[in-house]
1. Suppose we filter A:LEU96, A:LEU77, A:LEU47, A:LEU91 for residues that are in contact (Cβ under 8 Å) with a residue 12 or more places away in the chain and open to solvent by 40 Å² or more (accessible area, probe 1.4 Å); which single one remains?
2. Return the residues of segment A:283-337 that are among the basic types (Lys, Arg), more than 37 Å from the chain's Cα centre (by Cα) and open to solvent by 90 Å² or more (accessible area, probe 1.4 Å); say none if nothing qualifies.
3. For segment A:84-128, give me each residue that is part of a strand (DSSP E or B) and touching a helix residue (DSSP H, G or I) at 6+ places or on another chain (Cβ under 9 Å).
4. Only residues that are among the polar types (S, T, N, Q) and either open to solvent by 20 Å² or more (accessible area, probe 1.4 Å) or touching a strand residue (DSSP E or B) at 6+ places or on another chain (Cβ under 8 Å) (or both): list them for segment A:461-502, please.
5. Of all residues in segment A:396-416, which are free of Cβ contacts under 8 Å to residues at least 40 places away in the same chain, open to solvent by less than 60 Å² (accessible area, probe 1.4 Å) and part of a strand (DSSP E or B)?
6. Do you know which residues across segment A:55-72 are touching a helix residue (DSSP H, G or I) at 6+ places or on another chain (Cβ under 6 Å), within 9 Å of RNA strand B (Cβ to nearest atom) and either part of a helix (DSSP H, G or I) or of a type outside the set (Lys, Arg) (or both)?
7. Do any strands (runs of 3 or more DSSP E) lying entirely in segment A:249-348 carry at least 3 residues that are touching a residue at least 40 places away in the same chain (Cβ under 8 Å), and which ones are they?
8. Within segment A:422-524, which helices (runs of 4 or more DSSP H) (wholly inside it) include 1 or more residues that are assigned by TED's automatic domain parsing to the domain that holds A:ASP575?
Amino acid sequence: MHSAMLPRKSANRTNWNLAKATPMNLFRHFEALVLAAIDHLKNDGVLPAETPVEKVTVEPPRDPTHGDIATNAAMVLAKPAKKPPREIASLIAAQLKKAHDIKTVEIAGPGFINMVLADSFWPQVIHAIHREGDDFGRPQIGQGQPVNVEYVSANPTGPMHVGHCRGAVFGDALANLLEFAGYEVTREYYINDAGAQVDVLARSAYLRYREAMGQEIGEIPSGLYPGDYLKPVGEALKAKYGDVLLDMTEQEWLPRVRDFAIDAMMTTIKGDLAALNIRHDVFFSERSLTAGGVDQVAQTIDELRAKHLIYEGRLPPPKGKRPDDWEDRKQTLFRAEEFGDDSDRALIKSDGSYTYFAADMAYHRDKIRRGFKEMIDVWGADHGGYIKRMKAAVAALSGRKANLDVKICQLVNLLRDGEPVKMSKRAGSFVTLRDVVDEVGADATRFMMLFRKNDAPLDFDLVKVVEQSRDNPVFYVQYAHARAHSVFRKVRDDHPELADIEQDFSDADLSRLNDAAELGLIKSLAAYPRLMESAAKSHEPHRIAFYLHDLASTFHGLWNRGIDLPHLRFNQPEDKELTKARLALVAATAKVLASGLKVLGVTAVRELR
RNA sequence: GGUCCCGUAGCUCAGCUGGAUAGAGCAGCGGACUUCUAAUCCGCAGGUCGCAGGUUCGAAUCCUGCCGGGAUCGCCA
């Protein structure tokens, strides 16, 4: 465990055939039509041949009364063409009217071109969902590129608490998302096993060892970890060493106890992560950077020195309040300012050991040397001030070739029915991640942790998150999926041959789906590929959670219409073809819900309770 | 004092990296529903997007400066 392992080669990962029909991203399709229309105008000399089209967007308008697809092309092109936007709009519109997937083209406002798609277009979305299966909505942006996602990286000094939980879930969902988007993802955990904290851990564990040996230890001295979780470690030390450690000097026992305790803590942490269905490909030990006669930190500093990015100098004291033990001294500094940081950064402490930053640089150098050009680090909010220097380090070490994105997860406020849960580190009464998962389950924990933007604080209510009500988004989304399956269970009585949700719907007559609410649901489903692409590009898995909530709401709404209007119910005992068409829609909804939930790492249950 | 994040309806928050009249859910008000397929449903009201400038056809979104809240600030990790 204390040595770096190579990233696992993903032998049985599906190889996506990129040459096959592109997934059903209808906005791409219509973007192509708009660009073709612009090309046409260029050929006619209406637009200069070199007119840039990067700013042209083809998107669903926010307001559905503006149609299904809108483009700003005319307004963007007005300046280079030296023509009023509405004039250009009418020329582009004339071209678009020729496309048979488009029902109407209208020019609105300052020059928007709004399109309503042909009724015959929408059923293709449903067919695409069934045809493409797990590939539906897959963004084609990864193209097999390697990306390294580092998350959790909790210190191996105790069990994980709720604060770690959010970053863990976020990182895991982000890794899932990037994998879904076609990246070759390596999930990584950096073990901070080299600093003073692990020596404290060792002394704390040694105390528990003496306790296990029958000695009176009294109060745990301040400065050591008081938690009961070290008692089993003391017992285990006794089992392994007997009384041998008692006669050793601290210098002798400390390395043994330290390694033993770190192993024990990592075992605990891995168990905690497993309870949340989180796994890592690589556990990278900080200690390994300077072990085995090779000092990779020194190598890193030498490498930067050769690039003239290291110097001996003094730093100005921080403005505002000055630390008590401030001492002006000459030290080894990295020219982080050249790469956008606010200050140059120290690499060697006054006692001669490396700073945490120096080791972290060496770690990221190792990632770069392993071939990663894209790296993502997921950190807690208290590390925000560290971002610039780490990005500077990656820029310097890679010759500005590699990119690091740092995602910050804000604090979690743990509540119980609206009341804050008291947590005191001193009293050792902090709530562990395991406590939370044991109480509410991994699915609820994961979904709630993702139901908020990562850089906004999050309220996590242990009571509300398990409520079976509309107010609980976890339940609401899972219920939608379960309800879709329930429809198939119920339809068995009237149409047993239609009761399989996995059946082939390719011959369903989807032109029967002409209620506005049905069409609304299809449009929600059609938005999925675009949503996933934006979530993957922005590294924001929370967008998926919000989308799923929205989709669930649309689906429940359609279901509810059947209460008052029996002719809108999915199951029509007297009309098998209509039932089949509606079941195709229900099954497609279930598939998209399941697809999104899978990326979030939440189980798509088929039945509640 | 420097840096970063946040500021959107009474509350909790979205807002698709610059689009049109800024959206949900709670809470509030007004109705419907009494078992229909499974954990109610529909409607109404609610806003100077912290403030002030700037960039442009167009800004909640980008830039600058303030105001307010949080995090952090050579050797902790």
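1. On the way: A:LEU96 fails: open to solvent by 40 Å² or more (accessible area, probe 1.4 Å); A:LEU77 fails: open to solvent by 40 Å² or more (accessible area, probe 1.4 Å); A:LEU47 fails: open to solvent by 40 Å² or more (accessible area, probe 1.4 Å).
On inspection, the qualifying residue turns out to be A:LEU91.
2. Matches in segment A:283-337: A:ARG314, A:LYS321, A:ARG322, A:LYS330.
3. Within segment A:84-128, A:ILE102, A:VAL105, A:GLU106, A:ILE107, A:ALA108, A:PHE112, A:ILE113, A:ASN114, A:MET115, A:LEU117 qualify.
4. A:GLN468, A:SER469, A:GLN478, A:SER486
5. Scanning segment A:396-416 gives a single hit, A:VAL406.
6. Selection gives A:VAL56, A:ILE69, A:THR71.
7. Of the strands (runs of 3 or more DSSP E) lying wholly inside segment A:249-348, those with at least 3 residues that are touching a residue at least 40 places away in the same chain (Cβ under 8 Å) span A:282-285.
8. Result: A:473-491.
The values are calculated or read from the model by the stated rules, or taken from the named source; none is laboratory data. Everything quoted here is computed from the prediction, not taken from an experiment. Every residue, glycine among them, receives a Cβ derived from its backbone with ideal geometry; neighbour counts consider all protein chains shown. Only protein heavy atoms, including side chains, enter the accessible area calculation; ligands, DNA and RNA are left aside. Shrake-Rupley method; radii C 1.70, N 1.55, O 1.52, S 1.80 Å.
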